[in-house]
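The values are calculated or read from the model by the stated rules, or taken from the named source; none is laboratory data. Here the structure is a predicted model, which means the values were calculated and not measured. FYI the Cβ positions are ideal-geometry reconstructions off the backbone, even for glycines, and counts take in every protein chain you see. These accessible areas exclude ligands, DNA and RNA; they are computed on the full protein's heavy atoms, side chains included. Shrake-Rupley method; radii C 1.70, N 1.55, O 1.52, S 1.80 Å.
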There are 4 protein chains.
Amino acid sequence: MSDNHPPDSISLGDRVVLYLDSRRTWLVQLKEGVGSFHTHAGIVDLKKIPGLKYGDSIETTLREKIILLRPTILDFIMKSERRTQIVYPKDFAYISARSGLRSGEHVIECGTGSGALTTYFASLVAPSGFVRTFEARDDFFEIAGENIEKAGMTSYTRMEKGNLLNATIEEEFYDLAMLDTGDPWTLLETAHKALKGSGFVFCICPTTNQLENVAFAMEGKFADIECIEIMFRRMEARVGKTRPSTRMIGHTCYLASARKVNSGLKTLNQ
Amino acid sequence: MSDNHPPDSISLGDRVVLYLDSRRTWLVQLKEGVGSFHTHAGIVDLKKIPGLKYGDSIETTLREKIILLRPTILDFIMKSERRTQIVYPKDFAYISARSGLRSGEHVIECGTGSGALTTYFASLVAPSGFVRTFEARDDFFEIAGENIEKAGMTSYTRMEKGNLLNATIEEEFYDLAMLDTGDPWTLLETAHKALKGSGFVFCICPTTNQLENVAFAMEGKFADIECIEIMFRRMEARVGKTRPSTRMIGHTCYLASARKVNSGLKTLNQ
Amino acid sequence: MSDNHPPDSISLGDRVVLYLDSRRTWLVQLKEGVGSFHTHAGIVDLKKIPGLKYGDSIETTLREKIILLRPTILDFIMKSERRTQIVYPKDFAYISARSGLRSGEHVIECGTGSGALTTYFASLVAPSGFVRTFEARDDFFEIAGENIEKAGMTSYTRMEKGNLLNATIEEEFYDLAMLDTGDPWTLLETAHKALKGSGFVFCICPTTNQLENVAFAMEGKFADIECIEIMFRRMEARVGKTRPSTRMIGHTCYLASARKVNSGLKTLNQ
Amino acid sequence: MSDNHPPDSISLGDRVVLYLDSRRTWLVQLKEGVGSFHTHAGIVDLKKIPGLKYGDSIETTLREKIILLRPTILDFIMKSERRTQIVYPKDFAYISARSGLRSGEHVIECGTGSGALTTYFASLVAPSGFVRTFEARDDFFEIAGENIEKAGMTSYTRMEKGNLLNATIEEEFYDLAMLDTGDPWTLLETAHKALKGSGFVFCICPTTNQLENVAFAMEGKFADIECIEIMFRRMEARVGKTRPSTRMIGHTCYLASARKVNSGLKTLNQ
């Protein structure tokens, strides 16, 4: 069965994660005329890579082994340029799982930021779906565009400068509304219109105040309201010495989410 | 743009989540001749649902509002029959995010259990990819088959009774190897062969001993080894009274994961 | 050296923890004429206990071993009658450690509740110090009195029915002010007066709103403001099967604390 | 009532915490002839402090306010010189609460380390009790001695160079046995002899392997075995912006504890 499957060989133009160890990895693109990549562990001769397969290793000039890994969408996101607080994999993984986001679906997002969530969602809805995303700040807009481009997700993304609030939005069209702004409650009305019936809205809330405000604002127009926090702890698994890591990220954000009710429950109660 | 999009109306044969409140939800299928669904909040007349849209509401005989939600893949999983400890959304969400699993990819799994992970991965790789899954126990095999069927994922799943260890497996074919057995280290060699270069292996480890054993066994043949635990806490967001929930699941499992290195590092170091 | 130390033998009138296993323990008092204590594991003949030592075992009528443990102050608290949400050992342990509370010191408390904190602090300041505690509700006042009595802490406690706000309080006298009411910020002024310079105030805050309010109210009049949450997880340590417990208390309270500044910082800045 | 209470004024020879803000605090001793203390926020004239009270403030040469706090036992510990991984307040607070350690009791400790636990326990058992502590390493022994001295706890501490295992120990004399070594299970037999019936043994276990080993070794000779982990998270409580801190200590240690059973349960079961 494997013989009619394309070989996993790496070509010029491809991106590769150069993996030395868990703390020293680099995401590079193989380009015509770019021959060497300098690291503290020696120089990597990029010209030797095309023709090799993902999972193969090469040696640096200092005879250190570098493993060639296929970049995942997370590699692109975690290696991207960020000027905003990035949402972590633990968080956007959960958003996609709870919303059940999949190929062909549509996402509306406000607060592109550095494009981390945009990139992730685009990778899930591709090739037939898309993410329409709004960002008011010029600098974020530019950086996000570059990050999304590097991750190869431009075709599945529609970036707009400005605020979702003032835009003309397709109604009852989106499967997921992603609100990552300081005041997501101001956007709930618009998100509600944009969503299909039973579609999900998700809000990134760094503070408990935002969580409280947006959860309250969801009542009536949304059902299945869920407010959560996800904590992520690394383990050091070594023979006879297994333990949690000493350092840990204590908090990224709370997540508030809910599903659209077609008409507010209050009016339905007549 | 929304007019060339299929209407979200519900038809006979569809499955619907009947949502009363966050603790009282039911997943039902609308079938010819099945008219009423009994709850403590009154009887739901299922015959009135076809023609309505997801997100609409109906009333029970006791005049309680029931909201009609479109079942997500998580709804199917969390409402499925379980005889094994289920892996939680926080966990399988992270597996899919880290591995970057997407439409068209292939997963090999050992330990189908109740089919929760199988169902979730099948939903991500559909329609062109598939999950090949092994389960040794008769009772789990049968329940998993029913759960996968209910979730509509049978076409993207290849179930086999038995152990991955004794099976003939496509080599360098799979993007993700999912090991959910008590002794995942015994399967690493097989998983390694089955994976494409740089492909991910993930192991579900309820205990620290399993985590330690499997992380040690990964060394050399896999890179980017990561051992983690994800904790999930609900928040009660109420105006003026926001707080974490009193009750919490303290632990489901640790996750060990890594990416395939084509030949063991030790041999490469010669 | 041990021979001039009193023998640890148990006498009539003493309290004993009957320990069958970690989930089945009972705190009993040995009284004249009370002969038997019934458990699901058989009857314990209490008359056989006097003369035995703490740490000894006896058998029930069903030949189950019962170990005789000396009650600690935590045993008294955790076995006491509660009508309020009890503060957990993880929390009051931290309060005593951070404040450095010790024998001879004085505590002022508002919100006796079931007397858990009162009992614990009294045990630390005994025999020369005391806890002065206020409780407005009749039912709590009565239960707390009984609980404190059972724990043998009545002599080190001064209970008053009512609110700290309306009481005449010794000024610059207390080492620790413990506020366990719904609106601790209303009591900060009084607590400030009652405290010695550099003395600690501690507030139990179940919600983030209380934490935010009280931390803000502390500014200027208190220094070294600290807001924290302590999480406690049981581990199941079994050979080859070690793991965190599945069930866990997700949240009891946040703790806000600070040390008294003699005059507000703002006025000092002139 | 407050007038017959000694004034809280600071004298030459006293130690003071100079508090600028939560991250900039210094523990100093007021000595004859030591006049100035240099900080980035200006010079503090220590000669002005005697006669002031704890809780008062003084200004630096740069007109920054410094608050004078009375050092607690935690201030001494957290400001002490450390060459070993220190146990955190969350942990030793819990040890003292669960064991109910109080004035007049006796502690036996193996693994003095930097003396953090020794100092804390000495402060609780003073003035009539003591902590007898063993440390095999010369460098730790010396540092611990200095740290305990600075905290004023030398009178309540009996330091010995060497290992508890080879020492002659008072039998049935101690209320708490504190084991903070890499292999606490080797010391359980000795700790058992040293403890009073029903007395507590506590073991600091950074790894899950240690926890598993020591919990297994406790069985039979100890009851009420408890294995736990305590997590500590700071909150940033600001008006309208309350949230957990981004950075957090992910792990310090697990704690295993139990109470002495006078004769092993296994033999009692005959």
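Quick notes
- Efficiency of FRET between D:Arg63 and C:Ser128 - r from beta-carbon atoms, R0 35 angstrom, step 0.05: 0.25
- When the inverse distances between all different Cα atoms of chain A are averaged and flipped, the Kirkwood radius reads 20.6 angstrom.
- Normalised contact order of chain B, rounded percent, pairs of Cα under 8 Å and 6 or more residues apart: 13
- Across segment A:16-27, computed HN-Hα scalar couplings (Karplus, 6.51 cos²θ - 1.76 cosθ + 1.60, θ = phi - 60°) run 9, 8, 8, 10, 9, 8, 4, 9, 10, 9, 9, 9 Hz from first to last residue, x flagging Gly and Pro.
- Using C-alpha pairs below 8 Å separated by at least 6 residues, the relative contact order for segment A:100-256 is 19 percent.
- Chain pair B, A: total accessible area buried, heavy atoms, 1.4 Å probe, Å²: 6300
- Classification of segment A:90-205 by its C-alpha gyration tensor yields a rounded form. The axis ratio a/c (a ≥ b ≥ c) stays under 1.5.
- In degrees, nearest ten, helix B:138-150 long axis to first principal axis of chain B (Cα): 50
- Taking 14 Å as the cut-off, the amide N atoms of segment A:174-212 that come nearer than this to a point 7 Å along the Cα-to-beta-carbon line of A:Ala167 belong to A:174-181, A:187-188, A:190-195.
- Between helix C:116-125 and chain C: long-axis angle, C-alpha atoms, 0 to 90°, nearest 10: 90
- Within the protein assembly as shown, antiparallel bridges make up roughly 65 percent of the DSSP beta bridges whose residues both belong there.
- Set of lysines with alpha-carbon distance to D:Lys48 below 24 Å, sequence-local pairs under 8 removed: C:Lys196, C:Lys221, C:Lys260, C:Lys266, D:Lys31, D:Lys65, D:Lys79, D:Lys150
- Computed Rg/Rh of the protein assembly as shown, alpha carbon atoms with Kirkwood Rh: 0.99
- Based on every Cα atom in segment D:69-109, Rg and the maximum pairwise Cα distance Dmax equal 12.0, 32 Å.
- Dipole magnitude of the protein assembly as shown, debye to nearest 20 (Cβ charges: Lys/Arg +1, Asp/Glu -1, about Cα centre): 0
- For chain C, the Cβ-based charge dipole about the Cα centre amounts to some 980 debye (Lys, Arg positive; Asp, Glu negative; other atoms uncharged).
- Carbon + sulfur, % of accessible area of the protein assembly as shown - ligands and nucleic acids excluded, 1.4 Å: 47
- The residues of segment C:143-232 present an accessible area of 35 Å² per residue when probed at 1.4 Å with all protein chains retained.
- Cα-centred dipole magnitude for segment B:18-87, charges only on beta-carbon of K, R (+1) and D, E (-1), debye, nearest 20: 120
- Adding -39500 (n - 2.57) for every DSSP H run of four residues or longer, then dividing by how many residues chain D holds, sets the calculated 222 nm ellipticity at -6500 deg cm²/dmol.
- Max-minus-min Cα coordinates of segment B:1-95 on each principal axis give 42, 38, 24 Å, with the largest extent listed first.
- Helix C:89-99 axis versus longest C-alpha principal axis of chain C: approximately 50°, rounded to the nearest ten.
- For segment C:172-243, the alpha-carbon radius of gyration amounts to 1.53 times the rule-of-thumb value 2.2 N^0.38 Å expected for a compact globular protein.
- P(r), alpha carbons of segment B:58-131 - 10 Å bins starting at zero, rounded %: 18, 42, 23, 12, 5
- Exposed loop sites, defined as trypsin sites (Lys or Arg not before Pro) outside DSSP H, G, I, E and B with at most 12 other Cβ atoms within 10 Å, are absent from the longest region of chain C, namely C:64-270.
- With its label point defined 7 Å out from Cα along the Cα-to-Cβ axis, C:Glu236 lies at 2.7, 2.7, 3.8 nm from the matching points of the other copies, in increasing order.
- Heavy-atom accessible surface of segment D:2-74, averaged per residue, reaches 54 Å², computed with a 1.4 Å probe.
- When the square roots of the Cα gyration tensor eigenvalues are ordered a ≥ b ≥ c, the ratio a/c for segment A:134-256 is 1.5 or more and a/b does not exceed b/c, which makes its shape oblate.
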